[in-house]
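Contents: one structure, followed by commentary.
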Amino acid sequence: MPHPLPSPREITASGPLKGRVTVPGDKSISHRSLMLSALAVGESRISWLLEGEDVLATAAAMRSMGADIERGADGVWRVHGVGVGGLLQPQAALEMGNSGTSTRLLMGLIASHGITATFTGDASLSKRPMGRVIEPLSKMGAEFTASPGGRLPLMLRGINPAVPIAYTLPVASAQVKSAVLLAGLNTPGITRVIEPVATRDHSERMLRGFGAELTVEESPAGKIISIRGEAELKPQEIVVPGDPSSAAFLVVAATIVPGSDIVVENVGLNPTRAGIFTALRLMGASIEEVNPREVGGEPVADLRVRHASLTAIEVPGELAPSMIDEYPALFVAAAFAHGRTVARGAHELRVKESDRIAAMAAALGACGVETEEFEDGLAVLGRGGDPIAGGATIATHLDHRVAMSLAVAALNAKAPVTLDDASPVATSYPAFFDQLAQLQA
Ligand code: S3P
């Protein structure tokens, strides 16, 4: 999947945001829906699947390993799976584009199949560490030939039968947890993951929903998640809830643009994901949950968000796992708060689609916002709600969330902000600029 040419985009300040939009499907849940449907025998149907580049990379990979995946004219995706253990040898490299989730979860799935796969990615993904998945999957018997530093491109030789392990996560990562659990699906016996710090639990919920035998126990060492292998998955009807990570940009936009009053519909509020809304509320944001309900086994609500005056906080470190993707948006909110917001304990931000601490410090700095970088976080000196200077061209570093964060900051800037490349937005939220325009109309 060659990356498109850079697509610069200028964003100018906005009047109040008004109206309602429905955020697209959750990226994490969309990946998992396709992977598990592709392993169930029979037809699964997936509604509100996120049709972003990252998820399409997962769909293409599952197709190349034998699953039949089609999008119907009604927008519902129909998947005929191959059965657990039934993945076929792909005939070409698996092109993962920008998607760390596709890469790490598929490495897990393939590790316990007797097939070989080569993974390639774009310049951003090729810099990201894969050693964290290679380590446990090697313990299960898979073999890897990776590029220096444990990076892509890499070749994975899976093994069947693989060896069940009990693995304590050295880093709070749902991708690593999921990789081991997915490898465990086709491994005889019981595979265990011990999770000292809780991360998003979509894999656990969905594996259970598909009929796998999976238990979660609390222990002094953390959550112990056990999966019985050689499972048989039953096809499902899935409705993907809206993505809180995408919603976060609109929520911050309405919060920082005076006069705004919007409703973001269908926002997934799984507690392992909703930390950003807690943090914003601590700063004084006005976020009201309307019509709480369940979609696809996940809590969901519509969020009514009104402009608010924000006060700086020290972001509680324990929120980090439940808002790890939302720090860039939070840093933008902090730029409009009264006082100095400090976020520490988020070292993982250094190894996302970009080094988000450095990228956001540089981007906000270029827009006239003072920051201080720490190895594990960032302090942002807020301007008390006054517009930021803007008037800069921002390096987005192939990072969708850096691009969207600065697009939001630009809505309350004195001079236009130019993104050097807005194309990465299509990885997770292709409708972002259209939905923003809709709220501005
Ligand atoms: C994800 C887990 C997180 C998150 C990523 C999606 C997932 O990554 O940042 O966007 O779907 O499991 P880590 O596992 O690296 O924390």
inquiry  = Checking the structure you have, find out if any residue of the range 62-76 is within 16 Å of the ligand (Cβ to nearest atom) and free of Cβ contacts under 8 Å to residues at least 24 places away in the same chain.
reply    = no
message = Suppose the filter is buried (at least 21 other Cβ atoms within 10 Å of the Cβ) and part of a helix (DSSP H, G or I); does LEU378 pass it?
response = no
query = Which one is surrounded by the most Cβ atoms within 10 Å (Cβ to Cβ), of the residues in the range 187-205 that are assigned to a loop (DSSP other than H, G, I, E, B) and away from the ligand (no atom under 11 Å from the Cβ)?
reply = THR187
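One line per residue, one yes/no per condition, for (1) assigned to a loop (DSSP other than H, G, I, E, B); (2) within 15 Å of the ligand (Cβ to nearest atom):
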| site | (1), (2) |
| --- | --- |
| SER7 | yes, no |
| GLY15 | yes, no |
| VAL21 | no, no |
| ILE29 | no, yes |
| ALA40 | yes, no |
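Would you confirm, using the coordinates I've provided, whether SER147 is of a type in the set (S, T, N, Q) and within 16 Å of the ligand (Cβ to nearest atom)?
No.
Could you tell me whether GLY184 is closer than 25 Å to MET323 by Cβ, more than 14 Å from the ligand (Cβ to nearest atom), crowded, with 24+ Cβ neighbours inside 10 Å and modelled with pLDDT of 95 or more?
Numbers: closer than 25 Å to MET323 by Cβ: no; more than 14 Å from the ligand (Cβ to nearest atom): yes; crowded, with 24+ Cβ neighbours inside 10 Å: yes; modelled with pLDDT of 95 or more: yes.
No.
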message = Looking only at the range 297-354, count every residue that is basic (Lys, Arg) and within 12 Å of the ligand (Cβ to nearest atom) and tell me the total.
response = 2
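For (1) open to solvent by less than 60 Å² (accessible area, probe 1.4 Å); (2) outside any loop (DSSP other than H, G, I, E, B); (3) outside the structural domain of ARG228 (by TED's automatic domain parsing), each residue gets a yes or a no:
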residue: ALA59; (1), (2), (3): yes, yes, no
residue: MET62; (1), (2), (3): yes, yes, no
residue: GLY66; (1), (2), (3): yes, no, no
residue: ILE69; (1), (2), (3): yes, yes, no
residue: VAL82; (1), (2), (3): yes, no, no
residue: GLY85; (1), (2), (3): yes, no, no
residue: LEU88; (1), (2), (3): no, no, no
residue: GLN91; (1), (2), (3): no, no, no
request  = Would you mention how many residues in the range 287-339 are in a strand (DSSP E or B), open to solvent by less than 60 Å² (accessible area, probe 1.4 Å) and over 20 Å from THR22 (Cβ atoms)?
outcome  = 3
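The values are calculated or read from the model by the stated rules, or taken from the named source; none is laboratory data. In this text, all values refer to a predicted model and were calculated from it rather than measured experimentally. Virtual Cβ from ideal backbone geometry, glycine too; neighbours counted across all protein chains shown. For accessibility, only protein heavy atoms count, side chains too; no ligands or nucleic acids. Shrake-Rupley method; radii C 1.70, N 1.55, O 1.52, S 1.80 Å.
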